[in-house]
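Peer 1: Supplied in structure tokens, the structure appears directly below.
Just so it is clear, none of the values below were taken in a lab; they were calculated from the coordinates. Since the structure is predicted, the reported quantities are computational estimates derived from the model, not experimental observations. Heads up, the Cβs are rebuilt from the backbone with ideal geometry, glycines too, and the neighbour counts pull from every protein chain shown.
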Amino acid sequence: MIRAIAAVDDRLGISTDAGIPWNVPADVAHFRALTLSSNVLMGYGTYTEFANPMEGRTNYVATRRTEKLREGFLRVGDLRSFFTGGFEGDLWIIGGAMLYTTTLEEVEELALTRVAGDFACTKFFPPFEDKFRLGAEEVPPPVEGVPAIRFQTWQRN
Ligand SMILES: NC(=O)c1ccc[n+]([C@@H]2O[C@H](COP(=O)([O-])OP(=O)(O)OC[C@H]3O[C@@H](n4cnc5c(N)ncnc54)[C@H](OP(=O)(O)O)[C@@H]3O)[C@@H](O)[C@H]2O)c1
């Protein structure tokens, strides 16, 4: 199955020009638990923010550049053929904004972490609510000094 996973604020913001503006350890753990042992696909912009590939996952990078990527990252130039047989097992689209937008049509399920607040983001998750329905929501216990979060799963209509 092809899924996307993102953490979004009240305006569907995902990052400022300086990167992701919140630090929520429970969301980091949630991301790890869901994506472990799967394939992950990130855009080149997100790739530049990773010092290393995420261990325990096959790390694909969407880019039209032909230069070699760092060790542990696999280049995907043609997303259409990738989606129709370029990987084995499950795939998580992990961002960023451009990749979420260009691949949303392929996505069957969304794992969204709703981070409470407006973080003055400059990059956004695309509008999705007309194409997906809320399937499940989990509200983890609040942690002092950390923004409130809700874990949601959305299924394609
Ligand atoms: N809150 C969250 O959950 C979350 C998650 C991930 C990332 N982020 C944030 O998102 C931001 C990055 O987003 P972004 O929009 O700037 O960059 P991005 O989506 O990570 O990467 C964009 C690049 O990906 C490649 N790409 C995208 N669509 C493609 C397609 N259809 N075929 C081939 N290549 C394609 C292109 O690379 P080339 O130009 O090399 O061809 C494009 O320039 C970062 O600030 C990061 O912190 C937030």
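Peer 1: Using every alpha carbon pair in the chain, what percent of pairs falls into each 5 Å bin from 0 up to the bin containing the largest distance?
Peer 2: So the P(r) values, bin by bin, are 2, 9, 19, 22, 22, 16, 8, 3, 1, 0.
Peer 1: Can you tell me the length gained on complete extension of the stretch residue 130 to residue 105, counting 0.36 nm per residue apart and subtracting the Cα distance? Walk me through the numbers on the way to the answer.
Peer 2: Numbers: separation 25, 0.36 × 25 = 9.00 nm, distance 1.22 nm.
Full extension of this stretch gives 7.8 nm more.
Peer 1: Suppose each label sits 7 Å from its Cα in the direction of the beta carbon; what would the residue 38-residue 17 distance come out to in nanometres?
Peer 2: The two pseudo-label positions are separated by 3.3 nm.
Peer 1: A further question on this structure: Report the full-extension gain for the segment residue 74 to residue 155: residue separation times 0.36 nm, less the Cα-Cα distance, to one decimal in nm.
Peer 2: On the way: separation 81, 0.36 × 81 = 29.16 nm, distance 2.81 nm.
Using 0.36 nm per residue and subtracting the Cα-Cα distance, I get 26.4 nm.
Peer 1: Another question, if that's okay. From Cα pairs below 8 angstrom and at least 6 apart in sequence, can you work out the relative contact order of segment 41-157, rounded to a whole percent?
Peer 2: Values: 150 pairs, mean separation 26.2, N = 117.
Across segment 41-157, relative contact order equals 22 percent.
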